[in-house]
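The values are calculated or read from the model by the stated rules, or taken from the named source; none is laboratory data. Since the model is a prediction, treat every value here as computed from it, not as a measurement. Glycine also receives a Cβ, built like all others from the backbone with ideal geometry; neighbour counts cover every protein chain displayed. All accessible areas refer to the heavy atoms of the entire protein, side chains included, with ligands and DNA or RNA removed. Shrake-Rupley method; radii C 1.70, N 1.55, O 1.52, S 1.80 Å.
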Amino acid sequence: RAEVVINGSSSPAVVDRSNDSIKHNIQPASAKWRHNQTLSLRIRKQILKFLDAEKDISVLKGTLKPGDIIHYIFDRDSTMNVSQNLYELLPRTSPLKNKHFRTCAIVGNSGVLLNSGCGQEIDTHSFVIRCNLAPVQEYARDVGLKTDLVTMNPSVIQRAFEDLVNATWREKLLLRLHSLNGSILWIPAFMARGGKERVEWVNELILKHRVNVRTAYPSLRLLHAVRGYWLTNKVHIKRPTTGLLMYTLATRFCNQIYLYGFWPFPLDQNQNPVKYHYYDSLKYGYTSQASPHTMPLEFKALKSLHEQGALKLTVGQCD
Ligand code: CTP
């Protein structure tokens, strides 16, 4: 039985900071790409040995109670107490229970989406996953509008909503949350101690204003399980990015997975500059020394899966 080759090299992978996008040449969206169903199923099965997206997508109400103490995943010496608000917002059953979708889109936040015209195509997928509350309205032509699940690292509250310093920022966040209109809001609340207050502020806003979202808080074991799966496949990531986490989870409930906005390089395939995010002015240095992510390495692994038909990466314009 053939193995899934995600990273051919057996030597420890290093962070590729060369930003040499030429090496990552991907055929244009219109070029022939065929879904490899057998491989997708095999990957699903392999990942299921490490985690089960249906369970690990969120801690459930029955497993925690207010006052319980949790050790942060990356700061084991720091703890948090499960607040009444957090408890209220824990789902009773998995938001992905028995869910299966024909096609899913995972929308990363790279500036490569600008002028892609991919919005319509993205919105045709059965289930659309977005990252870090990235804005859609103003960029609909390129990124689409449909949102079934959106992630929110606590750091987003600082970066995109000025830590809710005044009523204007609180209102902006509230508007964004209301616009989610019933979709899943996925908040990694137990990762690092820095996010404590931010998660509490968001929880409070949701409850106070009866925001129509289905909150989910990833399980304590998810991150290590995802990392374990990729390490086993010789992809030596330090800490999986949100995008890679989403792909790994999606393999469980999506038959075909389409990735957009994954391009961690400052130049596109034609050597034109690419913004780090399509919607803000964050710079590329952000992913280097200071960041625990190894995005180019992840990209290499995803590109290999694209070439084998396990997923489809779109890094140029849509038809
Ligand atoms: N991404 C990418 N290329 C970029 C920017 C983002 O491939 N230039 C992908 C990554 O998989 C990333 C996802 O899009 O996880 C969402 O982007 P972002 O919000 O920047 O996510 P993270 O870096 O994971 O979030 P954080 O910086 O809070 O850790």
Task: Flag if residue 304 is over 18 Å from the mean Cα position of the chain (by Cα) and either crowded, with 16+ Cβ neighbours inside 10 Å or of a type in the set (D, E, K, R) (or both) - done: yes
Task: Residue satisfying all of: in the range 141-163; more than 17 Å from residue 193 (Cβ to Cβ) and among the small types (Gly, Ala, Ser); surrounded by the most Cβ atoms within 10 Å (Cβ to Cβ) among these - done: 144
Open item on the list: I'm told residue 138 meets every condition in (1) under 20 Å from residue 263 (Cα atoms); (2) out of contact with any helix residue (DSSP H, G or I) (no Cβ under 9 Å at 6 or more places or on another chain); (3) surrounded by fewer than 23 Cβ atoms within 10 Å (Cβ to Cβ) except one. Can you identify the failing condition by its number?
Closed with: (1)
Task: Which listed residue is open to solvent by 50 Å² or more (accessible area, probe 1.4 Å), of a type in the set (A, V, I, L, M, F, W, C) and under 30 Å from residue 103 (Cβ atoms), from 180, 175, 207 - done: 175
Task: Output for the range 216-249, where each listed residue is more than 14 Å from the ligand (Cβ to nearest atom), open to solvent by less than 10 Å² (accessible area, probe 1.4 Å) and modelled with pLDDT under 95 - done: none
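Quick one: would you say residue 278 is touching a strand residue (DSSP E or B) at 6+ places or on another chain (Cβ under 9 Å) and surrounded by 21 or more Cβ atoms within 10 Å (Cβ to Cβ)?
no
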Open item on the list: Tell me yes or no: at least one residue of the range 100-116 is among the aromatic types (Phe, Trp, Tyr) and under 25 Å from residue 281 (Cβ atoms).
Closed with: no
Task: Looking only at the range 112-125, and only at residues there that are more than 15 Å from residue 313 (Cβ to Cβ) and either modelled with pLDDT under 95 or open to solvent by 10 Å² or more (accessible area, probe 1.4 Å) (or both), the one that is nearest to the ligand (Cβ to nearest atom) - done: 114
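Let's see how each residue does on (1) touching a residue at least 12 places away in the same chain (Cβ under 8 Å); (2) in contact with a Phe, Trp or Tyr (Cβ under 6 Å, 6 or more places away or on another chain); (3) within 16 Å of the ligand (Cβ to nearest atom):
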site	(1), (2), (3)
135	yes, yes, yes
145	yes, no, no
153	yes, no, yes
160	yes, no, yes
167	no, no, no
174	yes, no, no
177	yes, no, no
188	yes, no, yes
192	yes, yes, yes
Open item on the list: Only one of 90, 51, 86 is within 18 Å of residue 243 (Cβ to Cβ), modelled with pLDDT of 95 or more and not basic (Lys, Arg). Can you tell me which?
Closed with: 51
Task: Condition broken by residue 77, with the remaining ones in (1) within 16 Å of the ligand (Cβ to nearest atom); (2) closer than 29 Å to residue 238 by Cα satisfied - done: (1)
Task: Sole residue being under 23 Å from residue 92 (Cα atoms) and either modelled with pLDDT under 95 or surrounded by fewer than 18 Cβ atoms within 10 Å (Cβ to Cβ) (or both), chosen from 255, 212 - done: 212
